[in-house]
Ligand code: PLP
């Protein structure tokens, strides 16, 4: 980082502060993770200099031989990872992967049946503030009031009534296993296509810790940066028969040149995900979430749906005289980063909410296991029980710092950045 610190001390200072933040606190936002040094090396490489519009072997620019190599590696590894026939690794993000599928399968005005954002769905599944809600006719299903799990009878009833062209399974804040076979059978009954957005659980699916949507969906979209632990980006999987259509919707349909440095780093992340260590990591993510859920429950906190099968819990604070926004704030003060999150049937607006979403993928990457999760769950419970106790906040903050030192991240990067600062005055 010597060059950056000399050329742009302001950006360098922000970078140093960010590595301090990431290494010195516990990241428990369910959609975040820490990539490996190898993934970062591929992303911060000369691959970023190259235009490569088109696809391997069919580019609109010269000099793409090495681009073809990395994109082919990414595609073949991804297909091996999920046992899929066709993959497109060019989507710049999860939202763009979804957009490309909608534009492949639908015409503007067609009906999509998807999960309500307020019950755990995602903005790009038809929220009125997203392109998806503006261009298509959206019908939402949700969770049942009693179980707070997806109401498959409601999905079937709505599908029969509204005859959607596309049914979407997949969610952003849903702590339970999703029954993709049930979505397939409802879609087949009403003649709809079925798309799964597995952004949150892709890593769990890759490792066999969540059933795979591949046999049950016409299209599977995902991000690469959540449980899958790759760079920020997206991908689409499908049957070969849809490949040509999806390729042309990504480029030239909605994107220009692919981000080849990101595609190279996706290839690296997919290679890592094919390894045995990755399976053990995902199993630990699920175990850590279970311990966290048990600890919070035994400390008197109610979890949406009563627990978790995956990488996140959704804590209902409505009986605790505390909003999600307040909870997010007190946890951040103590060095634990989470996000406020609506709970099903929430009476608070999305800027306030009655819940917090807590995930374990990033702390598990750091090496935290059952013992630490039990301790951290206890600290979270203490803080949310006495959110205005300054002494408690500072005590917990001290302990979180110790845990972070015990489970270091990114080796001696921070020390090297500090040396750069000294040598350049940055
Ligand atoms: N789909 C789901 C289920 C998500 O949770 C997210 C991100 O949180 C996305 C899509 C969007 O991904 P991106 O932020 O890369 O557009």
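Every number here is computed from the coordinates shown, using simple stated rules; none is lab data. Not measured: the values here are computed from a predicted model.
Can you give the Rg to Rh ratio of the chain, both from alpha-carbon atoms, with Rh computed by the Kirkwood formula? The partial results should precede the final answer.
Details: Rg = 22.0 Å, Rh = 22.5 Å.
Result for the chain is an Rg/Rh of 0.98.
Restricting things to Cα coordinates, could you compute the convex hull volume per residue of region 370-426 in Å³? Write down the numbers at each step before the final one.
Working: hull volume 6.2 nm³, N = 57.
Measuring per residue, one finds 108 Å³ for the Cα hull of region 370-426.
What number in nm² do you get for region 40-273 if you take the convex hull of its Cα atoms and divide its surface by four?
11.9 nm²
Binning every alpha carbon pair distance of region 91-210 at 5 Å from zero, what are the percents per bin?
2, 12, 23, 25, 22, 12, 4, 0
For region 284-409, just say rounded, prolate or oblate: build the C-alpha gyration tensor, square-root its eigenvalues into a ≥ b ≥ c, call rounded for a/c under 1.5, and beyond that prolate if a/b exceeds b/c, oblate if not.
Values: a/c = 1.80, a/b = 1.24, b/c = 1.45.
The shape class here is oblate.
Restricting the count to DSSP beta bridges whose residues both fall in the chain, what percent are antiparallel, rounded to a multiple of 5?
The antiparallel fraction comes to roughly 55 percent.
Could you give me the percent of Cα pairs per 10 Å distance bin for region 329-397, shortest bin first, beginning at zero and ending with the bin that holds the maximum distance?
The calculated distribution, bin by bin, is 19, 45, 31, 5.
In region 85-146, if every C-alpha pair distance is counted and binned at 10 Å from zero, what percent goes to each bin?
Taking all Cα pairs of region 85-146, the binned fractions are 21, 49, 25, 5, 0 percent.
Taking the Cα centre of each part, how many Å lie between region 133-182 and region 339-362?
19 Å
So what's the gap between the Cα centers of region 14-60 and region 263-277, to the nearest angstrom?
A separation of 13 Å, based on Cα centres.
Take the Cα gyration tensor of region 1-106, multiply each eigenvalue by 5, square-root it, and list the three semi-axes largest first, rounded to whole angstrom.
Values: eigenvalues 193, 89, 40 Å².
The three semi-axes for region 1-106 are 31, 21, 14 Å.
Explain nothing, just the number: relative contact order of the chain, from Cα pairs under 8 Å at least 6 residues apart, as a whole percent. Walk me through the numbers before you get to the answer.
On the way: 846 pairs, mean separation 97.6, N = 426.
Computed over the chain, the figure is 23 percent.
Report, largest value first, the span of the C-alpha coordinates of region 178-321 along each principal axis, in whole Å.
Taking max minus min along each principal axis of the Cα atoms, region 178-321 gives 53, 41, 32 Å.
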